[in-house]
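One structure is given here, and the rest of the page talks about it.
The values are calculated or read from the model by the stated rules, or taken from the named source; none is laboratory data. This is a predicted model, so every value here is computed, not measured. Cβ coordinates were reconstructed from backbone atoms using ideal geometry, including for glycine residues, and neighbour counts include every protein chain displayed. Surface areas here come from the heavy atoms of the whole protein model, side chains and all, with no ligands, DNA or RNA. Shrake-Rupley method; radii C 1.70, N 1.55, O 1.52, S 1.80 Å.
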Amino acid sequence: MQLVDKVIEIGANYIVGVKNVTANEPFFQGHFPQEPVMPGVLQIEAMAQTGGLLVLNSVGEPERYSTYFLKIDGVKFRQKVVPGDTLIFHVELLAPVRRGVSTMKGYVFIGEKVVCEAEFMAQIVKNK
């Protein structure tokens with residue numbers, strides 16, 4: 001399940017990605033039928049996918065690796081995400097990747113407003 005539509009900027013220790021939220025998203029069918037809201041866990045997943053693209057950009061042959069959550073901290077949801085919203089993900093490394101483990105801080109924006117934020121740790125693992 002890919003939740004990042006495109007990467008618009010990438011640096012050595014940060015990345016900016018975009019997700020256009022449409023009414024056709026399958027999760028809106030049951031969350032909630034009369035008032036669709038993007039689940040918070042999927043906002044965090046999309047932010048983590050963006051961070052995963054950042055850390056995989058630092059390894060050779062990134063298609064041979066995956067990233068996995070180890071820890072999520074300080075999650076805050078500040079506003080509903082609904083169909084028609086465009087999410088901008090800003091994720092930065094908090095420290096250099098060490099032994100395949102990265103720590104990141106991410107924000108989700110709609111326009112200039114922060115709608116979600118979290119700190120997370122992920123592990124880079126070579127696929128079998």
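Keeping to segment 5-24, report how many residues are more than 16 Å from Val115 (Cβ to Cβ) and either among the polar types (S, T, N, Q) or not in a strand (DSSP E or B) (or both). Selection size over segment 5-24: 7. Is it true that Ser66 is among the polar types (S, T, N, Q), surrounded by 13 or more Cβ atoms within 10 Å (Cβ to Cβ) and part of a strand (DSSP E or B)? The answer is yes for Ser66. All of Lys71, Lys19 fail the test of being at pLDDT 95 or above, under 15 Å from the mean Cα position of the chain (by Cα) and loosely packed, with under 12 Cβ neighbours inside 10 Å, apart from Lys71. Candidates Gln79, Gln2: the one that is of a type in the set (S, T, N, Q), open to solvent by 90 Å² or more (accessible area, probe 1.4 Å) and either part of a loop (DSSP other than H, G, I, E, B) or touching a helix residue (DSSP H, G or I) at 6+ places or on another chain (Cβ under 8 Å) (or both) is Gln2. Residue pairs whose Cβ atoms lie under 8 Å apart, sitting 6 or more positions apart in sequence or on different chains, and linking a residue in segment 85-97 that is under 14 Å from Gly17 (Cα atoms) to a partner that is among the basic types (Lys, Arg), are Thr86/Lys19; Leu87/Lys19; Phe89/Lys19; Val91/Lys105; Glu92/Lys105.
Every residue, every condition in (1) under 24 Å from Gly11 (Cα atoms); (2) modelled with pLDDT under 95, yes or no:
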residue: His31; (1), (2): no, yes
residue: Ile44; (1), (2): yes, no
residue: Thr50; (1), (2): yes, no
residue: Leu53; (1), (2): yes, no
residue: Ser58; (1), (2): yes, yes
residue: Arg64; (1), (2): yes, no
residue: Phe77; (1), (2): no, no
residue: Val81; (1), (2): no, no
residue: Leu87; (1), (2): yes, no
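For segment 84-128, taking the residues that are assigned to a strand (DSSP E or B), of a type in the set (Lys, Arg) and within 20 Å of Leu56 (Cβ to Cβ), the one that is nearest to the chain's Cα centre (by Cα) is identified as Lys105.
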